[in-house]
Amino acid sequence: MGLTDGPFVLLLGVLGLAAFTACVGLLPRVSAGGARQAAARAGLVVGAQSVVVFAVLVAVNSSFGFFGSWADLFGTDRSRVRVVGGAAGATPPAAAAQPSLRPASDALSRALPPDEGRLDAVVFHGLRSGVTATGYVYLPPQYLRHDHRHRRPPVVLVLTADVRGALTRLRLPSVAAREVAGGAVQPTVYVLMSPVGACVDAPGGRQANTFFAEDVPMAVAASYRVARDGPGWGVVGDAYGGYCAARLALRDGDRFTAAACAASSYGAPPGDLYGRSSAIQRDADLLWTLGHRPPPPAHLLVLTAGGAREPARRLTALARPPASAETRTVRGGGALPTWQRDLPAVLRWLSGRLSPES
């Protein structure tokens with residue numbers, strides 16, 4: 001039984017409750033004096049506490065993914081994360097002028113059962129942007145099969161501050177694998193990362209938009225067998241990641257054809273990001289962009305939560321052909337790891353607008 005398996009976590013929870021109950025019930029029977037009775041009391045207390053503490057630690061590990069297996073816990077796991085040159089059917093790494101990916105050590109990258117695919121922990125080095133950031137690449141089980149070796153599946157970039165939450169609580173790989181198995185979603189590669197620098201190219205600072213619009217897609221396409229053009233790429237994000245998702249679709253439509261976004265604002269992000277240039281700041285305002293520039297052929301799914309619907313209303317009202325925009329209310333909040341009920345619908349929407357590369 002695996003360290004992170006649900007039945008094992010549940011079993012330990014039941015054992016912890018049973019141990020605590022037994023300790024409370026048996027302590028009065030060994031309350032008399034004497035060394036033997038004292039040893040029995042100590043054994044009951046220490047034993048019950050050990051079982052309860054172990055159950056709690058396993059539950060926490062299952063939620064946050066610190067260790068993916070027993071071998072990982074005891075340091076006997078000799079497996080390596082395969083990224084550049086290791087992925088089944090991957091394109092050989094590009095020359096030094098290309099952005100690069102390298103493996104990273106992470107327990108979550110070894111936690112998936114085989115029928116859910118594979119999760120690689122990676123580090124992106126963006127040569128055009130100068131940005132270095134960590135992330136995960138999820139490969140569906142079909143990607144690893146021999147009969148799919150000539151297919152290049154679409155890619156969805158997932159931008160959220162809580163990447164681990166999207167993997168462990170939302171269980172995005174499990175949901176995606178289930179949707180593919182049911183025929184509702186086509187096999188898709190997911191790249192999960194945290195937003196960088198509000199996704200803005202800051203004059204003299206980090207070129208965050210260049211990183212996501214150019215470096216990340218080129219690095220993924222150089223290391224994995226995936227779609228390389230815009231119709232094969234989508235993006236989903238929350239908070240600053242939601243703004244970034246919308247920006248990538250509206251400003252880099254040749255790379256990202258569809259975006260599912262949840263953000264509190266689609267105006268220019270606050271902060272010293274524009275070098276005191278009103279033109280650059282205005283250019284970062286997506287509402288201004290939609291109202292004053294020709295729209296790209298992008299598809300937007302603008303997600304709202306609770307009463308925060310005004311930003312979504314303003315964005316969708318400004319969309320005009322060839323761009324399209326529609327709204328959806330997600331339950332549980334605006335953060336991506338809370339979208340348990342709505343994630344399948346979001347994945348289906350994205351899948352219906354992305355095309356694999358033959």
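Tabulated data for the structure shown
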{"read-out": "Which listed residue, of PRO311, PRO337, is under 27 Å from GLY232 (Cα atoms), in contact with a Gly (Cβ under 9 Å, 6 or more places away or on another chain) and crowded, with 21+ Cβ neighbours inside 10 Å", "value": "PRO337"}
{"read-out": "Tally, over the stretch 204-221, of residues that are within 27 Å of ARG276 (Cβ to Cβ) and modelled with pLDDT of 90 or more", "value": "9"}
{"read-out": "Residue satisfying condition, being hydrophobic (A, V, I, L, M, F, W, C) and over 23 Å from CYS261 (Cβ atoms), within set ALA202, ALA181, ALA161", "value": "ALA181"}
{"read-out": "Test: residue in the stretch 325-333 that is surrounded by 16 or more Cβ atoms within 10 Å (Cβ to Cβ), more than 23 Å from the chain's Cα centre (by Cα) and under 23 Å from PRO154 (Cα atoms)", "value": "yes"}
{"read-out": "Criterion: over 18 Å from the mean Cα position of the chain (by Cα), surrounded by fewer than 17 Cβ atoms within 10 Å (Cβ to Cβ) and under 28 Å from PRO203 (Cα atoms) - qualifying residue of ASP254, ASP283", "value": "ASP254"}
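This table checks each residue for (1) under 24 Å from ALA268 (Cα atoms); (2) buried (at least 24 other Cβ atoms within 10 Å of the Cβ); (3) among the acidic types (Asp, Glu).
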{"site": "ARG206", "(1), (2), (3)": "yes, no, no"}
{"site": "VAL216", "(1), (2), (3)": "yes, yes, no"}
{"site": "ALA221", "(1), (2), (3)": "no, no, no"}
{"site": "GLY241", "(1), (2), (3)": "yes, yes, no"}
{"site": "CYS244", "(1), (2), (3)": "yes, yes, no"}
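The values are calculated or read from the model by the stated rules, or taken from the named source; none is laboratory data. For clarity, every value in this text was computed on a predicted model and none was experimentally measured. Reconstructed Cβ throughout: ideal geometry from the backbone, glycine too, with neighbour counts over all protein chains shown.
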